[in-house]
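Chemist: Just dropping this structure here.
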Amino acid sequence: MKGHVHSVQSLGAVDGPGLRYVVFLQGCPLRCAYCHNPDTWEYGAGEERGAEELVRQILRYRPYFGDKGGVTVSGGEPLAQPAFVEELFSRLRREGVHTALDTSGIGDPAAAERVLAHTDLTLLDLKFAAEEEYRRHCRGSLSAVLRFAALTAERNIPLWVRHVVVPGLNDTVEDMRRIRDMAEGFPNLKKLEWLPFHNLCLEKYQSMGIPFPLQGVPPMDADRLEELIAKL
């Protein structure tokens, strides 16, 4: 089984527990206003890699990530290539490697179930708390995300919810409380991470000739984000 890989990061520290080997896959059905990787949108782009060959490469880094870390597959959207992720995770788990799926939760439910059968941890990007906001700012569906979250709960897979806080878009205490309340409704929730928006991606958009929807929006100030979190 082969998949299209955008890039890899051999020693990631923010994509799950411990040190992680992170595989970024190509292809994404969403167009989120604050997406920082527009170069991963296109399906079929990137480097074609075989799952078996990629596992051999990953295992060379096992002395670094060891038993406390593992492998995270991100994107793009990994559920856009479910068969490849399913085989990759299956092979990794046979080797005793911890697997984490970093996803928006958008994808075919049956295919997602097959991926989750080999997943030890799910990192779910919960972007907004209302269907209309998902449609307007992501061209996606909250109901699809909630359906995916329910699948992780059915399998009792530990869940980390991530949420990007953007100035002027979703940075009020009320906005964040809605996200918190929704996340805490997931019975398998283990962690809720608040991620500050940054605009370091602007150069990518410019080089690709794509307008950045949040042009002019400043990065989220870390101190202000901490103040908001304290008020929840």
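Chemist: Cβ-Cβ under 8 Å, sequence separation 6+ or interchain: first residue in region 69-83 and more than 21 Å from residue 96 (Cα to Cα) and in contact (Cβ under 8 Å) with a residue 24 or more places away in the chain, partner open to solvent by 10 Å² or more (accessible area, probe 1.4 Å) and of a type in the set (Val, Ile, Thr). Which pairs?
Modeler: Matching pairs, first to second residue: 77/106; 79/106.
Chemist: Please work out which one of (1) open to solvent by less than 50 Å² (accessible area, probe 1.4 Å); (2) farther than 17 Å from residue 150 by Cα; (3) within 17 Å of the chain's Cα centre (by Cα) is the condition residue 86 fails and give its number.
Modeler: Answer for residue 86: the failing condition is (1).
Chemist: Additional query: Taking residue 120, is it touching a strand residue (DSSP E or B) at 6+ places or on another chain (Cβ under 8 Å), over 17 Å from residue 164 (Cβ atoms) and acidic (Asp, Glu)? Explain how you work it out, then say what you get.
Modeler: Details: touching a strand residue (DSSP E or B) at 6+ places or on another chain (Cβ under 8 Å): yes; over 17 Å from residue 164 (Cβ atoms): yes; acidic (Asp, Glu): yes.
In short, yes.
Chemist: Look at region 9-18 and say how many of its residues are in contact (Cβ under 8 Å) with a residue 24 or more places away in the chain and either within 22 Å of residue 217 (Cα to Cα) or part of a strand (DSSP E or B) (or both).
Modeler: Summing the residues that are in contact (Cβ under 8 Å) with a residue 24 or more places away in the chain and either within 22 Å of residue 217 (Cα to Cα) or part of a strand (DSSP E or B) (or both) in region 9-18 gives 3.
Chemist: Which one of these does residue 96 not meet: (1) open to solvent by 50 Å² or more (accessible area, probe 1.4 Å); (2) at negative phi?
Modeler: (2)
Chemist: In this structure, is residue 21 aromatic (Phe, Trp, Tyr), part of a strand (DSSP E or B) and open to solvent by less than 20 Å² (accessible area, probe 1.4 Å)?
Modeler: Against the criterion (aromatic (Phe, Trp, Tyr), part of a strand (DSSP E or B) and open to solvent by less than 20 Å² (accessible area, probe 1.4 Å)), residue 21 qualifies.
Chemist: A further question on this structure: Restricting attention to region 24-52, and to residues there that are among the hydroxyl-bearing types (Ser, Thr, Tyr) and free of Cβ contacts under 8 Å to residues at least 40 places away in the same chain, which single residue is most open to solvent (accessible area, probe 1.4 Å)?
Modeler: 43
Chemist: Six or more apart or on different chains, Cβ atoms under 7 Å: show the pairs whose first residue is in region 142-166 and among the polar types (S, T, N, Q) and whose second is not in a strand (DSSP E or B).
Modeler: 143/131; 152/116; 152/188; 156/188
The values are calculated or read from the model by the stated rules, or taken from the named source; none is laboratory data. Quick caveat: nothing in here was measured; it's all calculated off a predicted structure. Cβ atoms come from the backbone with ideal geometry, glycine included; neighbour counts cover every protein chain shown. For accessibility, only protein heavy atoms count, side chains too; no ligands or nucleic acids. Shrake-Rupley method; radii C 1.70, N 1.55, O 1.52, S 1.80 Å.
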